[in-house]
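What follows draws every value from the coordinates through simple rules; no lab data is involved. Keep in mind that what you see is a predicted model, and the values were worked out from it rather than measured. All Cβ positions, glycine included, derive from the backbone under ideal geometry; neighbour counts span all protein chains shown.
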Amino acid sequence: MTGKPVTKAAVVGTAIEFYDHALFGLAAAIVLNGQFFPADSPAAGTLGAFAAFAVGFLARPIGGVVFGHLGDRVGRKPALVATLLLMGLSTAGIGLLPTYDQIGVAAPALLMLLRLAQGFGAGAEYAGALVLVAETSDPRRRGLWAALPGAGVQIGILTATLVFTAAAALPSFETWGWRLPFLISLVGVGVGLFVRFRTPESELFERERVRGLSRFPALEVVRRQPRSLLIAVAANAPFGALAYIINVFLLSYVTRTVGLPATVGLAANLSSSAAAIAVSPLFGLLADRVGRRPVFLGTAAFLAAYAFPMFWMVDTGRPELVIPAITLGYGVCVAGMFAVLASLLTELFDTRYRYSGIAIAREWTAALTSGPAPLVATALVTAAGGASWPIALLLVVCAAITFVAVLLAPETSGRDLTGAAAEAPVPARAGV
């Protein structure tokens, strides 16, 4: 069974990391455009803020390779300590930056630099937490245990939204109040380091160390498990775009296009994160009972069917419809898929390069799709004169692609992680 220290370290550390990550997305949607970009063009400022958000994802593939290599060569624990420290310090640094009015174009340049550092640190955080929990869990309940770091992600997002909402209520929010949530990250870093230094190393990794570790795990996973890697990449690429369009872009869309107060979008994010915390272990349990693929495929199909109705509800401008619409889209559909994908990813790869395989699949696709997603969505809405149908259509396409990728994956439920993750043939039936 999963040890309590391992589970606690994974969930707490991931929550802290994604507090930092979500905080930048919230600030990019609401306040960073006015602080770090010229005030004479609000639209350009919004695009600039989302561009800064996207820049962080460019560093994630490099961070994924570096920390994935560290995790597969030195240990899961040292990699997780390093990612936490780097991301927390860069987040606090953003809270100390001078604004555009104070230092001109140097302000957005420094913002981009610290955002790159954030992305580098985030490049293998979730992958490491996921691997550590999955490698110490009962195979019969791995779907549940592997889903818990995903719940940690949502705890971090929820905490960031609560703190940012509280800061937004301050009269001085536009001057210095927006800095407080970034500086609070230092407290989280201290807590996270305390917990992770007390965490034992994965026994599966220690056994692999005795047998002999891979010298270049990132290259070995490409050479030995190309099909598993392709499936993981194809499933993650559109899924990341789905998550960030609903969780980040819609916050700006609700405020700037629909015309509702920012508090409505923040309330929707709070509701979504709270729902996701409850949904994640439930979907993990369901994946243990009926399999990874049926649960993921059914949820992806529902999200594709729900994309247009979700935007119809948001476009009404009625908070009582906007909040549940976004909650169902992100807090149930995206969170449910995320929970199931956790166990599927860990079971696709061998121990000797599991960390690298998951980090590559997540972070290279994040750079290509997740980071640019809010920027692309903003450009599409602008080109369509404020109409939402291009974004709804984009969600349908993304859901369809990730559906097909998992449809081609083997059913991995109950797989023994001590053995080789076989490159199984494509199953004859869909399994839904």
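Using the alpha-carbon centroid of each, what span in Å lies between segment 287-339 and segment 220-244? A separation of 22 Å, based on Cα centres.
Multiplying the residue separation of residue 62 and residue 400 by 0.36 nm and removing their Cα-Cα distance gives an extension gain of 118.9 nm.
Couplings for segment 211-216, taken from phi via the Karplus curve 6.51 cos²θ - 1.76 cosθ + 1.60 with θ = phi - 60°, read 6, x, 7, 5, 6, 10 Hz in order; Gly and Pro are left as x.
Rounded to whole numbers, the Karplus 3J(HN,Hα) couplings from phi for segment 197-202 are 5, 8, 8, x, 6, 5 Hz, using 6.51 cos²θ - 1.76 cosθ + 1.60 with θ = phi - 60°, and x at Gly and Pro.
The alpha-carbon positions of segment 76-137 define a convex hull whose volume is 61 Å³ per residue. Which residues make up the longest stretch of the chain clear of trypsin sites (Lys or Arg not before Pro) that lie in a DSSP loop with no more than 15 other Cβ atoms within 10 Å, not counting the sites? With a cap of 15 other Cβ atoms within 10 Å, the longest stretch comes to 216-428. Converting the Cα gyration tensor eigenvalues of segment 1-118 into ellipsoid dimensions via √(5λ) gives semi-axes, longest first, of 32, 14, 11 Å.
Counting every pair of alpha carbons in the chain, the share spaced more than 33 Å apart comes to 28 percent. Taking the square roots of 5 times each eigenvalue of the Cα gyration tensor of segment 61-218, largest first, gives ellipsoid semi-axes of 35, 19, 11 Å. Averaging Cα coordinates gives a centre for segment 168-218 and one for segment 38-115; these two points are 15 Å apart. Once the C-beta distance of residue 103 and residue 210 is scaled by a Förster radius of 41 Å, the resulting FRET efficiency is 0.15 to the nearest 0.05.
Remark on residue 37: its backbone amide H falls under 5 Å from those of 100, a criterion applied only to residues 5 or more positions apart or on other chains, H modelled at 1.01 Å from N.
Computed over neighbours whose Cβ is under 10 Å from that of residue 59, the net charge equals +1, Lys and Arg +1, Asp and Glu -1. Of the residues 174, 17, 347, 411, the one with the fewest other Cβ atoms within 10 Å heads the list, and the complete ranking is 174, 411, 347, 17.
Each residue in 365, 159 was given a count of other beta-carbon atoms within 10 angstrom of its own, and listing them fewest first yields 159, 365.
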